[in-house]
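Laboratory data are not the source of any read-out in this text; all were calculated from the coordinates shown. If you're wondering where the values come from, they're calculated on a predicted model, not measured in any experiment. Reconstructed Cβ throughout: ideal geometry from the backbone, glycine too, with neighbour counts over all protein chains shown.
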Amino acid sequence: MNQPLHDTAPDFDQPIAVLKHCHGRIRKQLDTLEKLLAHLPAHGADEQARQAAAAVMKYFDKGAQLHHEDEEQDLIPMLHATATGEDAATLAALAPQILQEHKDMDAMWQDLHEQLSLIADGSGTHLSASTVGRFVQCYRQHMEREEGTMAPMALRIFDTGQMARLGQAMRQRRGISVNNDVSIGNAATASPCEPAAAGIGERVADLRKDYGQASLDEGDVADDPIAQFTRWFEEALKAEVNEPNAMGVSTVGEDGRPSSRIVLVKQFDERGFTWYTNYDSQKGQQLASKPFAALLFFWSELERQVRIEGKVVRTSAEESDKYFNSRPLKSRLSAIASEQSAPIAGRADLERNYEEVARQYGESPSRPSHWGGYRLVPERIEFWQGRRSRFHDRIVYTRSEDGSWTRQRLQP
Ligand SMILES: Cc1cc2nc3c(=O)[nH]c(=O)nc-3n(C[C@H](O)[C@H](O)[C@H](O)COP(=O)(O)O)c2cc1C
């Protein structure tokens with residue numbers, strides 16, 4: 001006995017078996033849909049409901065569509081071209097009915113898809129019992145009809161060449177190559193009932209995380225945004241957020257085009273937010289012509305984001321010296337050796353420049369004039385706390401002419 005222990009899917013060299021196997025998958029999803037309908041009134045859109053809704057949607061949005069296309073574009077036309085006598089008469093009556101049912105089921109699916117997508121993201125709980133009932137019944141009868149007539153007819157009248165052509169067409173429709181590798185994207189395995197997994201660039205849309213750790217109320221926040229930032233920064237440290245001091249800095253060039261990069265905030269207080277860099281770098285050149293920037297902190301572990309906007313000024317030479325001299329020797333030498341943002345032929349040239357600088361400057365290099373601090377003087381600071389179902393909390397502080405701050409809730 002050499003039976004597989006699990007339910008293996010047939011290969012495309014048996015295309016009718018693949019179509020039947022897909023019916024099995026459809027039946028499973030219909031069962032899930034019925035269970036979801038029974039689950040919702042008592043449990044709402046809980047985790048189980050959201051997962052079930054997403055699984056049903058995934059199948060009927062893609063897998064079931066491919067299955068219909070197999071029949072409409074390949075199986076039925078091939079049967080029409082081959083069937084004679086009684087088979088041709090049976091097909092003439094059956095094929096229009098099959099095609100009409102596909103259309104009816106597609107229309108019902110559109111209604112269900114809308115309801116299920118709200119359930120899947122946790123923002124809805126309504127699922128129409130009558131649409132589910134009609135959809136499930138129509139599909140089950142439709143599959144029985146196909147299994148009772150079309151499938152046996154194809155097995156009886158198609159020769160090996162036709163079976164191979166049908167299998168090849170179905171395989172291509174799913175982007176699966178002959179040795180069952182996925183020809184598009186990078187998934188290792190492929191079900192014959194579903195399209196080959198899309199590349200990561202497309203699958204990224206399925207990454208979904210609901211937030212719900214905390215809330216942010218007008219009453220909770222400090223009157224002063226720097227005090228509020230300090231509070232959140234301390235909480236980020238306590239939560240051991242990865243690099244809590246890393247922030248995005250966005251600047252614009254003379255052409256008005258923005259660019260962003262990460263830098264480390266080295267100080268924050270009532271005067272603003274300070275970081276250190278090369279004044280001749282791309283950001284340095286942009287800030288020289290347009291002295292405004294936007295900072296962005298994302299503390300994923302706390303489901304928090306802080307956005308800060310304002311004018312940028314250079315820190316004083318004394319302040320830059322003080323920070324420069326506090327850095328480890330190798331970092332100071334690197335700052336001198338690197339013409340940040342300028343092209344260089346290779347890593348070896350960079351290393352050579354460093355060695356030269358190390359030889360030249362020794363143990364106590366002083367700060368080069370092209371390196372120093374920038375301080376963003378905030379005019380607008382927004383605190384964002386992730387909430388369930390994308391209904392987040394946002395409190396923004398805006399600075400008035402007299403230096404006082406007003407705050408306001410924004411819609412998510
Ligand atoms: C975590 C992290 C921290 C960084 N910190 C700094 C920094 O404090 N100062 C700096 O000039 N570049 C820092 N960088 C490098 C910048 O992202 C960027 O590559 C560099 O400043 C050149 O940017 P520009 O060409 O837009 O001027 C950091 C990068 C990362 C990923």
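Just a few scattered comments:
- Angle of helix 225-238 to the longest C-alpha principal axis of the chain, folded into 0 to 90 degrees and rounded to 10: 70°.
- Look at the alpha carbon pairs under 8 Å that are at least 6 residues apart: their mean separation over the length of the range 225-410 gives a relative contact order of 22 percent.
- Among the chymotrypsin sites (Phe, Trp or Tyr not before Pro) in the range 360-412, those located in a DSSP loop and surrounded by at most 14 other Cβ atoms within 10 Å of their own Cβ are 391.
- The fraction of all Cα pairs in the range 225-410 landing in successive 10 Å bins from 0 to the largest distance is 9, 31, 33, 19, 7, 1, given as whole percents.
- Across every direction, the projection of the convex hull enclosing the Cα atoms of the chain has a mean area of 31.8 nm².
- With a threshold of 21 Å on the Cα-Cα distance, the over-threshold entries among 209/283; 209/238; 290/322; 20/62 are 209/283; 209/238; 290/322.
- D_trans [Stokes-Einstein, Kirkwood Rh over alpha-carbon pairs] for the range 24-109, 37 °C, 0.692 mPa s, µm² s⁻¹: 219 µm²/s
- A dipole drawn for the chain from +1 and -1 charges on Cβ atoms has a positive end, and of 42, 285, 298 the residue lying farthest that way is 285.
- The range 328-398 - Rg over Rh from alpha carbon coordinates, Kirkwood radius: 1.30
- When peptides 12-23, 62-73 are sorted by average Cβ neighbour count within 10 Å, with the highest value leading, the order is 12-23, 62-73.
- Computed from Cα atoms, the angle from the helix 317-326 axis to the main principal axis of the chain rounds to 70 degrees.
- Translational diffusion of the range 15-206, µm² s⁻¹ [Kirkwood Rh, Cα pairs; Stokes-Einstein; 20 °C; 1.002 mPa s]: 120 µm²/s
- In loop segments of the range 361-412 as defined by DSSP, the GluC sites (Glu not before Pro) with at most 13 further C-beta atoms inside 10 Å of their C-beta are 363, 401.
- Contact order for the chain, expressed relative to its length and based on alpha carbon pairs under 8 Å spaced 6+ residues apart, stands at 14 percent.
- Degrees separating the helix 15-43 axis from the principal Cα axis of the chain, which is the longest one: 60 degrees
- Under a 5 Å amide H cut-off, with hydrogens placed 1.01 Å from N, residue 379 pairs with 309, 310, 311 among residues at least 5 apart or on other chains.
- Against the rule of thumb 2.2 N^0.38 Å, how large the Cα Rg of the range 194-309 comes out: 1.33
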